[in-house]
Protein chains: 2
Amino acid sequence: MSASTLTIAAPADFHVHLRQGTFSELLTKHVKLGGFGLAYVMPNLQPPILNTEEALLYKSQLQAIDPTVEYMMTLYLSPELTPDEIRKASAAGIAGVKSYPRGVTTNSEGGIESYEAYYPVFAAMQEEDMVLNLHGEVPSCSETNTCVLNAEPTFLPHLRKLHATFPKLRIVLEHATTRAAVECVKSLGDTVACTITPHHLALIVDDWAGQAFNFCKPVAKYPDDRQALRDVIKEGHPRFFLGSDSAPHPPNKKSTATPSQACAAGVYTSPILLPLVAHLLESFGALDKLEAFVSTNGRAFYKKPARPGLEVTLRRTKKKIDEVWAQGQDSVVPFWAGKELDWEIISA
Amino acid sequence: MSASTLTIAAPADFHVHLRQGTFSELLTKHVKLGGFGLAYVMPNLQPPILNTEEALLYKSQLQAIDPTVEYMMTLYLSPELTPDEIRKASAAGIAGVKSYPRGVTTNSEGGIESYEAYYPVFAAMQEEDMVLNLHGEVPSCSETNTCVLNAEPTFLPHLRKLHATFPKLRIVLEHATTRAAVECVKSLGDTVACTITPHHLALIVDDWAGQAFNFCKPVAKYPDDRQALRDVIKEGHPRFFLGSDSAPHPPNKKSTATPSQACAAGVYTSPILLPLVAHLLESFGALDKLEAFVSTNGRAFYKKPARPGLEVTLRRTKKKIDEVWAQGQDSVVPFWAGKELDWEIISA
């Protein structure tokens, strides 16, 4: 395809971290800047978003920063979440619940250890047609040879069991990174979908070895795993769509200052998101699937059809990615800082 | 074992990087400080050590810094190395030749791409009873699904072929990190040995994910790979011995400053080496194999029997590892900086 412009209907990012406080004021504006009018917002704040009231307060804070974006809210799965709270959340328009395994990513110390205890909550979610978002990794454990490389494949039996137990519950396996995850989701029913990040379309393990700005959880894995992510987009599978997992950290948290302080996990893509995804999909011959991947597929799964007037147009160009984005005391370094993208947004 | 002191005959480190210039003045003294009287010195300087003359010059520089250590020298395998040069090197007491695959570690841009061209050199080495030291990794290649995680297993057929072609050539597979490598070396003849580093006895992939001070090449891998390294020491296999691969870099090279600059690969253990190895071996029940691992096995393979008077005694203690070692403008951060070791050297 050699079109010089592309118009995409209503891009929607179904997994994004917008943080809190002044940092959030910098980041939230980047959703629209990156070409997106809908943000499915993760609840792993400090403290996490545990109930309807907290989610609505957070939503109002985000709306105060940029009222032009539609924010879809999630609750953090925890023991204090009840079927009653699920019904209340659903009535208030909260779209989903996010499950974090304990200790595997940013602010997940309160994450879950086993799912059975949450079955009443999942049953209520199924009734209410809410979405369960899974960070699909198990904690590392040397005794069972589990580490960051196989934490996702080792999680997949939990996904299979949840789907078998709650076949009508809509489930999203978030930020898939392995061929095993892609094949598992494809094998399951229409209520199971999967998000893919742009950085996992670009990176393999070699790229984050010694390079903190490419380090995120789940970690990027083998070349063959990356190929599986590219292939499932290229084939146009309707249950795979964009969730950027754009996860900002201040630059000083991304640099390994001392042997006792590891750097934060996360790759930041929000302000360049649509041009980056176009660039990546074109690199592996899937530019014709751009609208399906960034809009149609996810909106269909979440029952949020595109409204007219939210189209975004891209123009072919050579545009260097900014080295840093800053506002006041806050700053963040984007993925591929200083590299050139082949597309830029000309209208949103 | 609950002995409060341990005396080890003539510890020998069969893989160490002593660098150049003022940095070398800091590092070279750490060999003896870490309890070692013999250092098998790697040739990957800038420019690399390509011939006898350069190796002897480098050796004299190291002797000028600390004449109490025995330095065994190696040449960097390159197209300019000839059978004549091998005979000359052997006559001058140079012990081995180190092969680096192209681009896989520090200063390996001039590394080899295929071994057949070097068969005349290897034949001369076999005649002269010199040792071939292999950095046993192939370069990453997405098309073949090769990356830093499987670069070592993918190299092993080269080792098997070299051993089959030159059965009397002594070969050391350096810094093994995988169960596959351990099993391969065990399956081969008595002319094939293997070094193991202390940090690969401690680390798995999770430990260097986002932590540059634990990042080295080959990268630490799965828990089961680490277990294989521990087990082969615990079983007392005579062809497995210590090569620390102590690889210093200035602290600013270990920190990821920008997205375009990855950090240097290498873990630095020299100044704490013998106490660290004792601590690690005790942690997995192999303290009774300490002398075999750090002295007897390697010295037997290299035909460098321990001389009396080189014993080193360790005392049980709780000793914190220094945060940094410095001299003049040079500094280096050791492995496990700030952590406590259970042993210290009381006489050397």
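Coordinate-derived values only; no laboratory data. Predicted, not measured: the structure shown is a model, and the values here were computed from it. A quick note on method: Cβ atoms are made from the backbone with ideal geometry, for glycine too, and the neighbour counts reach across all protein chains shown.
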Between the label point of A:His158 and that of the same position in each other copy, find the distances and list them shortest first in nm, with every label point placed 7 Å from Cα along the Cα-to-C-beta direction.
4.0
Mean Kyte-Doolittle of at least 0.0 plus a Cα span of 18 Å or more along the axis: flag which DSSP H helices in chain B meet both, please.
B:21-33
7 Å along Cα→Cβ, label-point gaps from B:Ser114 to other copies, nm, shortest first:
5.7
Which distances, shortest first and in nm, link A:Glu127 to the matching position in the other copies, using label points set 7 Å out along Cα to C-beta?
8.8
Gyration tensor (Cα) of segment A:77-220, equivalent ellipsoid semi-axes in angstrom
27, 16, 15
Taking a virtual spin label 7 Å from the Cα of A:Ser114 along the C-beta vector, which residues in segment A:148-185 bring their backbone nitrogen under 14 Å of it?
none
To make sure I understand the rule: partners must be lysines, Cα under 29 Å from the Cα of B:Lys320, and not fewer than 8 residues away in the same chain. Which ones qualify?
A:Lys253, A:Lys254, B:Lys29, B:Lys32, B:Lys217, B:Lys221, B:Lys234, B:Lys253, B:Lys254, B:Lys289, B:Lys339
Alpha-carbon centroid distance for the pair segment B:1-63 / segment A:118-189, whole angstrom
51
By the Cα gyration tensor axes a ≥ b ≥ c (a/c under 1.5 gives rounded; else a/b larger than b/c gives prolate, otherwise oblate), the shape of chain A is rounded
Quote to one decimal, in nm, the extra length available between B:Thr313 and B:Lys186 on full extension: 0.36 nm per residue of separation minus the C-alpha distance between them.
42.6 nm
Which residues in segment B:182-208 have a backbone N closer than 17 Å to a point placed 7 Å from the Cα of B:Asp224 along the Cα-to-Cβ line?
B:182-184, B:204-206
For the protein assembly as shown, what is the calculated [θ] at 222 nm in deg cm²/dmol (nearest 500), taking -39500 (n - 2.57) for each run of four or more DSSP H residues and dividing by its residue count?
-9000 deg cm²/dmol
Report for the protein assembly as shown the percent antiparallel among DSSP-assigned beta bridges with both residues inside it, nearest 5.
35
Taking Cα pairs closer than 8 Å and at least 6 residues apart, the relative contact order of chain A in percent is 20
The relative contact order of segment B:93-233, taking Cα pairs under 8 Å that sit 6 or more residues apart, comes to a percentage of 20
Rounded to 5, percent antiparallel among DSSP beta bridges of segment A:58-189
10
Calculate, for A:Lys168 and B:Asp84, the FRET efficiency according to 1/(1 + (r/R0)^6) with r their C-beta to C-beta distance and R0 51 Å; round to the nearest 0.05.
0.05
Shape category assigned to segment A:256-302 from the gyration tensor of Cα positions, a/c cut at 1.5
prolate
Return the equivalent ellipsoid semi-axes of segment A:201-328 as a descending list in whole Å, where each equals the square root of 5 times an eigenvalue of the C-alpha gyration tensor.
28, 19, 15
